[in-house]
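Colleague: Okay, here's the structure, questions in a sec.
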Amino acid sequence: MSSDSTPSEEVSDGSRRRSGRRETDTLPETVPGEARYRRVDGEQFHVVEAGPADGELVVCLHGFPEFWYGWHEQIGPLARAGYRVVVPDQRGYNRSPKPSHVAAYRIDRLADDVVGLIDAYDRDRAHVVGHDWGGVVGWWLAIHHPERLRRLVTANAPHPTVIRRTLRRNPTQLARTAYAVAFQLPAVPEAVSRAFDWRLPRTTMRRTAMPGTFDDRDFDRYRAAWERDGAFTTMLHWYRANGRRRPEPETDRVDVPTRVVWGARDRFLRRGMAHESLEHCTDGRFTGLEEATHWLQHDVPTKVTDAILDELGGSAGSRAARQRPD
């Protein structure tokens, strides 16, 4: 099977697949490109691709509990700015591989997936943009594989050392992320999350975002992804693998040019973690979005896109490519 072939069922921008009553991976009309599979170390990863094939590669990494759709507002503007945009379902999510053993989700392995994805496009380097867990993977790449990155943009995702140090020293932050401790339990978090048609994750996302950020169409897609066989368990394995064996980077220093974008109203992560993360960067910048929450790329998509393009050097394309006002 070739690197861009599709296992078992066709996935494209024109496909119509349903899980029960819910639409899954048809691309919204505002998202250009196509959905397909790319082989990474012998496994087929589901990705959405857009933009000119010869454009600089930009890999966008989602967080929990999202999937490629977490970046759907940014795909079009980045592609129209001339970048080759690749947004994967990361390991354990939606249509990508879902190993059952917890160790498969250690941060080193997650970073290796991204390196393999860059290789799959025959590129030496890529820009990496990451939100939440995707941003943590981005930091790990910048520390351990700096030669593979052009630039790093993280959105509400602290440097790994800052995470470890803050959890050890700050009781308030520890309380904010108590859910991560609960996620270590077997089976219970899955059962509670699935109850009443996924009420808990839906309610949590709505209440911690700006009003009106997520609508029923968004949650049709999220529920379809969460309902895939074994998916919610393997999504939680990210917390289990890296909570049981907290990763320590080889160095705190980040030499890759980095932009930290932060929604100030994040209910999960202290704002100070953003500035502390920049202290580890030799070439770092900060963009604060006062009105935005943890879900900033959904809350204020154009402002996040502008920050990304400004860091990547392609800001001219962003304002002309706006899909909706913030």
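The values are calculated or read from the model by the stated rules, or taken from the named source; none is laboratory data. Since the structure is predicted, the reported quantities are computational estimates derived from the model, not experimental observations. When we count neighbours, we look across all protein chains shown, and the Cβ atoms used for this are built from the backbone with ideal geometry, even at glycine. Only protein heavy atoms, including side chains, enter the accessible area calculation; ligands, DNA and RNA are left aside. Shrake-Rupley method; radii C 1.70, N 1.55, O 1.52, S 1.80 Å.
Colleague: Given the DSSP H assignment, sum -39500 (n - 2.57) over each helix run of at least 4 residues in the chain and divide by its residue total; what's the result at 222 nm in deg cm²/dmol, nearest 500?
Modeller: Result for the chain: -11500 deg cm²/dmol, rounded to the nearest 500.
Colleague: I'm checking a number: the convex hull volume of the Cα atoms of the range 192-251, normalised per residue, in Å³. What is it?
Modeller: Convex hull of Cα atoms, per residue: 131 Å³.
Colleague: Also, I was wondering about something else. Could you give the length gained by full extension between residue 170 and residue 215, i.e. 0.36 nm per residue of separation minus their alpha carbon distance, to one decimal place? List each step's numbers first, then the result.
Modeller: On the way: separation 45, 0.36 × 45 = 16.20 nm, distance 3.43 nm.
Roughly 12.8 nm would be gained on extension.
Colleague: Over the chain, with the other protein chains present, what is the accessible area per residue in square angstrom, probe 1.4 angstrom?
Modeller: On the way: 13360 Å² over 326 residues.
On a per-residue basis, 41 Å².
Colleague: D for the range 215-290, whole µm²/s, Stokes-Einstein with Kirkwood Rh over alpha-carbon pairs at 25 °C and 0.890 mPa s: what number?
Modeller: D, rounded to a whole number, is 157 µm²/s.
Colleague: Treat the range 64-171 as a sphere of radius equal to its Kirkwood radius over Cα pairs and apply Stokes-Einstein at 37 °C in a medium of 0.692 mPa s; give the translational diffusion coefficient in µm²/s, rounded to a whole number.
Modeller: Working: Rh = 14.8 Å.
Once the numbers are plugged in, D ends up at 222 µm²/s.
Colleague: Express the relative contact order of the chain as a whole percentage, based on alpha carbon pairs under 8 Å and six or more residues apart in sequence.
Modeller: Result for the chain is 19 percent.
Colleague: With a cut-off of 8 Å between alpha carbons and a minimum separation of six or more residues, what is the relative contact order of the range 251-295 in percent?
Modeller: Relative contact order of the range 251-295: 55 percent.
Colleague: Mind checking the full-extension length gain between residue 283 and residue 184? Use 0.36 nm per residue of separation minus the Cα-Cα distance, one decimal, nm.
Modeller: Separation in residues times 0.36 nm, less the Cα-Cα distance, equals 32.1 nm.
Colleague: Which of rounded, prolate or oblate describes the chain when judged by the alpha-carbon gyration tensor and an a/c cut-off of 1.5?
Modeller: Judged from the Cα gyration tensor, the chain comes out rounded (a/c under 1.5).
Colleague: Can you tell me how the range 20-93 classifies by the Cα gyration tensor, rounded, prolate or oblate, using a/c under 1.5 as the rounded cut?
Modeller: Verdict is oblate for the range 20-93.
Colleague: Separate question: Tell me the carbon and sulfur percent of the accessible area for the range 170-325, rounded to whole percent, probe radius 1.4 Å. Write down the numbers at each step before the final one.
Modeller: On the way: 3780 of 7460 Å².
For the range 170-325, the apolar C and S fraction of the accessible surface comes to 51 percent.
Colleague: Moving on. By average Cβ neighbour count within 10 Å, what is the ranking of 142-148, 222-228 from highest down?
Modeller: Listed from highest to lowest mean packing, they are 222-228, 142-148.
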